[in-house]
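Structure, as structure tokens:
The values are calculated or read from the model by the stated rules, or taken from the named source; none is laboratory data. These numbers come from a predicted model, not from an experiment. Using ideal geometry, Cβ is built from the backbone for each residue, glycine included, and neighbour counts are taken over all protein chains shown. Each accessible area value is taken on the protein alone, full model and side chains, heavy atoms only, with ligands, DNA and RNA left out. Shrake-Rupley method; radii C 1.70, N 1.55, O 1.52, S 1.80 Å.
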Amino acid sequence: MPAVKALRRLTVRAAFPAELSKLGEIVQNLRWSWHPDSLELFESIDPELWRRSGRDPGRMLGEISTERLTQLAGERKFLRRLEDVYDELQDYLTQPRWYQNQQQADESLPRSIAYFSPEFGITEVLPQYSGGLGILAGDHLKACSDLGVPIIGVGLLYGSGYFRQSLSRDGWQLEHYPPLDPQGLPIQALHD
């Protein structure tokens, strides 16, 4: 029987109990990928599923059982940690940072800066990089984010991630290109 190629992929988004709704906002901001408290919070949800999902909180939360979500919604310790991580993210997004203080002293500083790169290595969950250039560009974006620099990364969205390699029994390199589902990535399309 010939192989049938799927025409579409289905991305499952978790429906959270009201007490856990802030998880969705934390997942949508890639700051979680370099913020230790966010990473620890996600891992505490289900350590084994966290590892199996490749440390991808969106994927993990799409696979977690309703029973586990209900259990977490009733755990006061988890809810306090969630609230702390959420509050830190809100402060991070709304409080003036280094760049805003510089702008007060020098109003001629730009309001936004475009950073063009074919790839940005921010997190493995967004596999849009292959090596050094992408990792450097991703580190620049993370540092600018932490400093409050209004930088906008402009790059390419590839249809498949960079290949993963393995060896055949004969010792030949085999490439496996993972398909990327834009709906399952932590990105949002801009239309304006």
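List of remarks:
- Answer residue from region 9-36, given it is over 14 Å from LEU72 (Cβ atoms) and of a type in the set (Lys, Arg) and is modelled with the highest pLDDT among those: ARG31
- Test set (1) closer than 30 Å to GLY159 by Cα; (2) under 17 Å from the mean Cα position of the chain (by Cα); (3) open to solvent by 40 Å² or more (accessible area, probe 1.4 Å) - PHE42 fails condition number: (3)
- The single condition among (1) closer than 23 Å to ARG55 by Cα; (2) touching a His at 6+ places or on another chain (Cβ under 8 Å) that ILE151 does not meet is (1).
- Inspection of region 59-75 finds a residue satisfying the criterion of being open to solvent by less than 30 Å² (accessible area, probe 1.4 Å), over 19 Å from the mean Cα position of the chain (by Cα) and closer than 22 Å to PRO186 by Cβ.
- Those helices (runs of 4 or more DSSP H) lying entirely in region 21-95 with at least 3 residues more than 30 Å from HIS140 (Cα to Cα), of a type in the set (Gly, Ala, Ser) and in contact with a strand residue (DSSP E or B) (Cβ under 6 Å, 6 or more places away or on another chain): none
- In region 85-107, residue least open to solvent (accessible area, probe 1.4 Å) [restricted to those that are over 14 Å from ILE26 (Cα atoms) and acidic (Asp, Glu)]: ASP106
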